[in-house]
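First up is the structure itself, then whatever we jot down about it.
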Amino acid sequence: MNKYQKKQFKISLVYLLILVIIGLGVYLLIKPKLSTCSDGIQNQGEAGIDCGGPCSLCPWQLQEDLEINLIQAIKTQNNYVDLVAEVKNPNRDFGAESFSYIFNLYDFQENLIFSKKGVSYILPQETKYIIEQKVLINSKIYRIELKTDNITWQKLVNYEEPELLIRGQNFNQSEDFTGVIGTLENRSDYDFNAINIWTILLDKESNILGAGKIELKTILSKENRYFEISWPFSILGQVEKVNIAAKTNIFLDENFMKRHGGNREKFQEY
């Protein structure tokens, strides 16, 4: 390459560099400005946009959905059944403020014979039962499914589940009556508008023989409240174990009737 060719090559490189700089400048001027959430919280209209923070901070990047562990129809009396499903939330930091569910029941020919919709909530790493009682079925059930949808995830920080204890529970079973009695103790510092209690009756092989639920209203902090869950018919099988739990929806502001020495916001982060 002679001196003239070297000079031409250098001039070409300079022109190419100028064109690259101009093109980059035009791109930066016309490209849309994407919102980010450098604080790791989806609070500035960043829905659907990578926030630049850890994936665990973004509700739309959750790795695991709700798990359905079991679904069962329990014959009660006449043509009625109770529907029970066990749902697990495997996420450590996210709870579902609400989610929709639907039970679908099919006959032997896969015809849909019954559907039941509802709405529930679930806490981080919680396993809970969804119970629908007194369902009238006039066909033989061949298959049951439970579908969940419209899940509204909420990230919880510094999460402390309210201390709701069941004391003095007692199970009674006879030909005409089966029931569970006990006392709910609200050891938390909060007054709750509603607390849900559910119970599952199991045989020695852990098969579900019965399921019941009740909602207690206006439970004050440090209050003890008597409750009874009963079945006005004979349970088919020998009950060997009774699972019972009390839960309240901490996602609803209206569920907190009064605050004692702390803020509601300690449970969650938006």
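Cβ-Cβ distances below 6 Å connect no pair with a first residue in the stretch 170-184 that is not assigned by TED's automatic domain parsing to the domain that holds W231, a second residue that is buried (at least 16 other Cβ atoms within 10 Å of the Cβ), and a separation of six or more residues or different chains.
Residues of the stretch 231-259 that are over 19 Å from E126 (Cα atoms) and aromatic (F, W, Y): W231, F233, F256.
Selection within the stretch 170-222: residues that are acidic (D, E) and surrounded by 14 or more Cβ atoms within 10 Å (Cβ to Cβ). The member of this set that is farthest from I130 (Cα to Cα) is D189. Taking the stretch 232-251 as the range and being over 19 Å from G168 (Cα atoms) and either touching a residue at least 40 places away in the same chain (Cβ under 8 Å) or hydroxyl-bearing (S, T, Y) (or both) as the test, the residues that pass are P232, F233, S234, I235, L236, T248, N249, I250, F251.
With respect to the conditions (1) modelled with pLDDT of 95 or more; (2) within 16 Å of E132 (Cα to Cα), K88 falls short on a single one, namely (2).
The values are calculated or read from the model by the stated rules, or taken from the named source; none is laboratory data. Here the structure is a predicted model, which is why all the values come from computation and not from measurement. Methodologically, a virtual Cβ is constructed for each residue, glycine included, from the backbone with ideal geometry; neighbour enumeration extends over all protein chains shown.
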